[in-house]
1. Filter segment 3-22 for residues that are at pLDDT 95 or above and either among the aliphatic types (A, V, I, L, M) or under 22 Å from the mean Cα position of the chain (by Cα) (or both) and give the result.
2. Sort out which residues of segment 238-271 are part of a loop (DSSP other than H, G, I, E, B), of a type in the set (A, V, I, L, M) and under 30 Å from Gln209 (Cβ atoms), and write them in order of number.
3. Quick check on this structure: which one of Leu349, Leu260, Leu307 is within 21 Å of the chain's Cα centre (by Cα) and touching a residue at least 60 places away in the same chain (Cβ under 8 Å)?
4. Would you check which residues across segment 147-190 are part of a loop (DSSP other than H, G, I, E, B) and more than 17 Å from Ile110 (Cα to Cα) and list them?
5. Residues being surrounded by fewer than 16 Cβ atoms within 10 Å (Cβ to Cβ) and part of a loop (DSSP other than H, G, I, E, B): count how many of those fall in segment 282-332.
6. In segment 183-215, how many are without any contact (Cβ under 8 Å) to a residue 40 or more places away in the chain and closer than 20 Å to Glu225 by Cβ?
7. Pick from Tyr215, Tyr274, Tyr279: which is of a type in the set (Phe, Trp, Tyr), within 21 Å of Asp163 (Cβ to Cβ) and not in a strand (DSSP E or B)?
8. Looking only at residues in segment 102-122 that are β-branched (Val, Ile, Thr) and under 21 Å from the mean Cα position of the chain (by Cα), which one is surrounded by the most Cβ atoms within 10 Å (Cβ to Cβ)?
Amino acid sequence: MSAVSGFHSSKPESMPAEYDGLKHLIPESVTPQLDSRYTLRGKNGNDVQIPMLAWGAWSWGDESTFHWSDEELPSVQKAWQECLKRGMTFVDTAQVYGSGKSEKILGDLINHHSPGVDRSQIIVQTKWLPNVTDGATALIHPVDAPYKQLHNTLERMNLKYVDSYMVHGHIHASSISQVAKGLAKCVEEGLTKTVGVANYSVEDMLQMQDALAKYGIPLATNQCEYSILRRMPELEGMLEACRQHKIVFQSYSSVAQGRLTGKYSKDNPPPKEYRFSSYDMEHIEPVLQVQRRLAQKYNVSVTAVALNWNIIKGAVPVVGMRKESQALEDMQAFGWRLTREEVAELDKLGYRGKLTKLWQQG
């Protein structure tokens, strides 16, 4: 089962004309900086401070979607060095990425390519994908499945703990209360500092929050697909619910798998495997035209405009990083912010997005 399975329409549905997306903006007095931080809440104040941007490691080791080659490792290592210099050390991976290889690569970066940087300064986030990474374990041991798989993760990464451990999607046969009990066990034994979910609806997210509260553990975060081209989390109340309950909202495919970077065009479309927000480039060109103009105005990359939009909407974007130039362009999202009028212009050209049968938010 692919993480991009499901039904994705190529015909975009526009946002409702009367919808006001500006209500989600963080205070105008706040200009996102490289050293700005959000808090992932842990038990008894064992919190984790995270940057406003996370590096996505899905591509590391993944051959089926991202056509990974080990020849790319030096490039990733060089990019990592640039991230270390700027304190941007929040990395998102998953047990299913590259069938565990992504975790191994991240572990190697931490253990062998982070000179002078203490482990406590690096934020590691990984995800348990039930019924995929653990076969029948989730059915036979519904409570212990995430616990057992986190042990495997730590062995692959040669680490003692992760900072954030998430349920990759609400596709588990076990109940939310059973999964919460398993996550609580991970926290109690010090295998993770915080816990969260990904691809959960608002209702399921709040159910998980209540289930974890029985163990005195906050739900730290929810990660869903969100970009200018995929506004469902706004429309269904996800952004507002996260804000009200102090749950950090993370956005994956925040640049629509490269479609909002300026790299692709109608004549040079992205690979067919890049299926999130997979609209024809001709439908995306109006958004890109505005991004290019704003990128020139602020002297930043086209990518940075899309990321800044995410950040000032209150999201922590998770963006793929495979080489130094990508990391440097992505970090241009900080030190400035779009005006309300510019956000409104991008909002008007954005799309609603679709749900799928596999992910509730993908």
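The values are calculated or read from the model by the stated rules, or taken from the named source; none is laboratory data. This is a predicted model, so every value here is computed, not measured. Positions of Cβ are backbone-derived with ideal geometry, glycine not excepted, and every protein chain shown enters the neighbour counts.
1. Gly21, Leu22
2. The answer is Ile247, Val255, Ala256.
3. It is Leu307.
4. If the condition is that a residue be part of a loop (DSSP other than H, G, I, E, B) and more than 17 Å from Ile110 (Cα to Cα), then His168, Gly169, His170, Ile171, His172, Ala173, Ser174, Ser175, Glu189, Gly190 are the ones that fit.
5. Within segment 282-332, residues that are surrounded by fewer than 16 Cβ atoms within 10 Å (Cβ to Cβ) and part of a loop (DSSP other than H, G, I, E, B) number 2.
6. Number satisfying all stated conditions: 4.
7. Just a single option satisfies the conditions, and that option is Tyr215.
8. Of everything passing the filter in segment 102-122, Ile105 is surrounded by the most Cβ atoms within 10 Å (Cβ to Cβ).
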